[in-house]
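Read through the structure below, which is laid out as structure tokens, and then see the notes.
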Amino acid sequence: MAPEIKYTKLFIDNEWVDAVSGKTFDTYNPHDGSVIATVAEGDEADINLAVAAAKRAFHRNSEWRLMDASQRWAILDKFADLVQRDSQYLAELECCNNGMLLSSAIMSLKYGVVENIRYLASLADKIQGDTIPLNGEVFAYTLKQPVGVCGLILPWNGPILLFVVKVVAALAAGCTVVVKPAEQTPLTALVLAALLQEAGVPAGVVNVVNGFGVGAGTALTHHPDVAKISFTGSLEVGKLIQQAAGANNLKRVTLELGGKSPLVIMDDADLNVAIPYAAFSIFSHQGQMCIAASRVYVQSRIYDKFVQGAVAMAKKRVIGNPTDPATEHGPQIDAEMFNKVMGYIESGKKDGAKVLTGGKRVGNTGYYIEPTVFVDVTDDMKIAKEEECLLLISPIEHNFHLTLLHMTSHLSVCPRSYGTSQIFGPVQCILKFDTLEEVIDRCNNTNYGLAAGIFTNDLNTALQFGKHAEVGKVWINTYLMMGPQAPSCGWKDSSIGIENGLQSVDAFLELKTVTINL
Ligand code: NAD
């Protein structure tokens with residue numbers, strides 16, 4: 001399968017260019033740690049070139065910004081056609097660089113990604129203002145106009161979908177963009193940029209600069225000509241980005257950060273549905289989802305039955321190469337995340353929680369961890385709450401240079417913490433509760449507020465939970481269900497701003513009020 005890429009350049013002003021410094025880094029396949037490609041490594045000089053190109057493209061006579069909005073929609077819709085055309089190749093690339101199951105990547109491309117592009121593209125010509133009567137002959141009207149050059153900084157856990165959610169919303173609004181993909185997954189953004197060019201997006205509107213957080217990332221967040229930063233990633237880096245965004249000009253920011261999302265199983269729930277959903281909600285993509293249900297609260301009366309079912313679900317997951325259609329459980333992204341997850345498993349055991357299944361590495365190559373179920377978990381254990389700092393180096397040598405580089409990049413700017421604050425791995429923590437009031441308090445007892453779910457057959461219970469959960473997304477008798485039409489946001493430390501839904505394009509618009517005296 002593997003895509004035939006040996007070396008990739010940066011994409012600036014619709015041209016493929018080397019990094020000014022000539023530096024490169026390797027990108028890996030998490031299945032076996034092998035090098036897939038060598039990637040041009042951008043830093044401040046390259047970001048300067050990319051921002052200059054995006055600024056020229058946003059200029060007063062910009063073809064893109066002043067284009068009839070329905071034409072912008074048509075070009076972005078053509079992009080959706082091209083992504084659909086190349087979906088097999090994109091899925092293979094996502095699979096070998098990110099470890100996503102090929103079957104999931106194909107489904108995500110065919111439905112999620114293409115559907116997202118079409119929806120966001122269709123918002124281009126729905127941007128409207130209001131007319132507001134003031135007094136007598138005086139009235140005001142509002143205009144919504146693109147904010148300018150946007151820096152879009154991506155994580156590694158959903159490289160294609162998250163590229164699309166940010167880039168297409170920004171372009172639909174008429175903005176120009178510089179994209180900084182995660183250093184672990186630099187490849188698909190370049191393919192998508194080439195497809196945008198093929199669809200007819202003019203030069204300079206989309207630029208992709210691969211590189212590291214400290215380097216390309218910091219240069220983008222500090223650049224005075226960048227008007228907006230939209231970032232998805234960890235809370236720690238989100239805080240740094242917010243500081244940087246206020247350091248020069250006052251950049252607008254959207255931050256989509258981490259979570260420690262609870263899933264509640266009431267004793268009236270249909271366990272034939274709830275148990276598989278609970279497994280799906282934590283083990284999909286090996287737990288590497290911001291919205292993963294990492295805390296499962298189970299009501300006492302059904303606790304033993306639930307645990308029995310949860311262990312059976314975890315045990316029967318088929319672990320293997322993500323390219324194999326039979327595989328249900330692939331590798332973690334890299335050595336750093338592998339070590340971090342194994343560190344959490346050790347800390348859970350040390351704190352007195354019991355592993356009923358899993359907890360071990362699988363094989364000797366790649367970054368595979370068994371689906372793991374912990375019981376006897378209490379709210380005060382590290383595995384059940386957010387963490388400040390967990391820096392562990394264990395003996396995986398593959399990718400070690402990159403691991404150190406990545407760690408160093410975090411440590412140099414954020415000495416007390418690095419990486420994500422949730423386990424971000426296939427670790428299901430099961431906790432016991434008695435009453436709805438109690439469990440709502442325990443669910444809310446975290447600085448995160450991304451998502452929560454409940455399984456119950458009682459409407460009042462469901463509505464009470466929906467009302468009192470301090471999160472941006474609540475699922476009732478389902479989990480992970482999302483569509484581009486529904487706004488996605490988080491409360492507390494999980495988010496600033498909204499993605500998806502009608503509001504997604506607003507994130508890239510400025511409002512202007514014009515007052516007229518007739
Ligand atoms: P990360 O924060 O380590 O890195 C994200 C991006 O930021 C990368 O491109 C990285 O190079 C860049 N970066 C790092 N330091 C920087 C700096 N100082 N300045 C500018 N850029 C910098 O996150 P990650 O490990 O790649 O991704 C996993 C995290 O993303 C998890 O916490 C997960 O919860 C979160 N996430 C959130 C959502 C959401 O919608 N809320 C979706 C997906 C992932």
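The values are calculated or read from the model by the stated rules, or taken from the named source; none is laboratory data. If you're wondering where the values come from, they're calculated on a predicted model, not measured in any experiment. In this analysis, Cβ positions are derived from the backbone assuming ideal geometry, glycine residues included, and neighbour counts consider all displayed protein chains.
General remarks:
- Filtered residues of region 30-80 (kept if part of a loop (DSSP other than H, G, I, E, B), more than 26 Å from the chain's Cα centre (by Cα) and among the small types (G, A, S)): S62
To keep it simple, each residue is scored yes or no on (1) more than 27 Å from M107 (Cβ to Cβ); (2) crowded, with 20+ Cβ neighbours inside 10 Å.
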residue: G330; (1), (2): no, yes
residue: A335; (1), (2): yes, yes
residue: F338; (1), (2): no, yes
residue: K350; (1), (2): yes, no
residue: P371; (1), (2): no, yes
residue: D376; (1), (2): yes, no
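- Given (1) assigned to a strand (DSSP E or B); (2) near the ligand (Cβ under 8 Å from one of its atoms); (3) not charged (D, E, K, R), number of the condition G211 does not satisfy: (1)
- When L82, L49, L93 are screened for being out of contact with any Cys (no Cβ under 7 Å at 6 or more places or on another chain) and buried (at least 22 other Cβ atoms within 10 Å of the Cβ), only L93 passes.
- Region 336-369 - residue that is assigned to a loop (DSSP other than H, G, I, E, B), more than 16 Å from the ligand (Cβ to nearest atom) and out of contact with any strand residue (DSSP E or B) (no Cβ under 6 Å at 6 or more places or on another chain) and, of those, nearest to K316 (Cα to Cα): K360
- Filtered residue count, region 18-29, keeping only those that are within 16 Å of G211 (Cα to Cα) and in a loop (DSSP other than H, G, I, E, B): 6
- A247, sole failed condition from (1) assigned to a loop (DSSP other than H, G, I, E, B); (2) under 26 Å from N97 (Cα atoms); (3) within 16 Å of the ligand (Cβ to nearest atom): (2)
- From the list G233, G174, the one residue that fits, being more than 14 Å from the ligand (Cβ to nearest atom) and touching a Pro at 6+ places or on another chain (Cβ under 7 Å), is G174.
- Among residues of region 320-335 that are more than 7 Å from Y367 (Cβ to Cβ), those with a beta-carbon under 7 Å from a residue that is assigned to a strand (DSSP E or B) at least six positions away or on a different chain give the pairs H329/I319.
- Residue within region 214-221 that is part of a loop (DSSP other than H, G, I, E, B) and touching a residue at least 12 places away in the same chain (Cβ under 8 Å) present: no
- Restricting the first member to region 180-204 and to residues that are basic (K, R), and the second to residues that are within 16 Å of the ligand (Cβ to nearest atom) and not in a loop (DSSP other than H, G, I, E, B), the beta-carbon pairs closer than 6 Å and six or more apart or on different chains are K180/I153; K180/A216; K180/G217; K180/L220.
- Selected residue (only one of E370, E328, E346, E336 is touching a helix residue (DSSP H, G or I) at 6+ places or on another chain (Cβ under 7 Å) and at pLDDT 50 or above): E336
- Odd one out for N460 among (1) at pLDDT below 95; (2) over 22 Å from S495 (Cβ atoms): (1)
- Taken over region 204-252, the criterion of being more than 23 Å from R60 (Cα to Cα) and among the β-branched types (V, I, T) is satisfied by V209, V214, T218, T221, T232, V237, I241.
- For region 277-289, the criterion of being farther than 30 Å from P159 by Cβ, buried (at least 18 other Cβ atoms within 10 Å of the Cβ) and more than 16 Å from the ligand (Cβ to nearest atom) is satisfied by no residue at all.
- Test: G42 is within 21 Å of Y368 (Cβ to Cβ) and outside the structural domain of Q286 (by the TED database): no
- Checking the stated criteria, A293 turns out to be more than 9 Å from the ligand (Cβ to nearest atom), crowded, with 23+ Cβ neighbours inside 10 Å and of a type in the set (A, V, I, L, M).
- A search for C-beta distances below 6 Å between a residue of region 17-28 that is at negative phi and any residue that is among the basic types (K, R), counting only pairs 6+ apart in sequence or on different chains, returns V17/K9; D18/K9.
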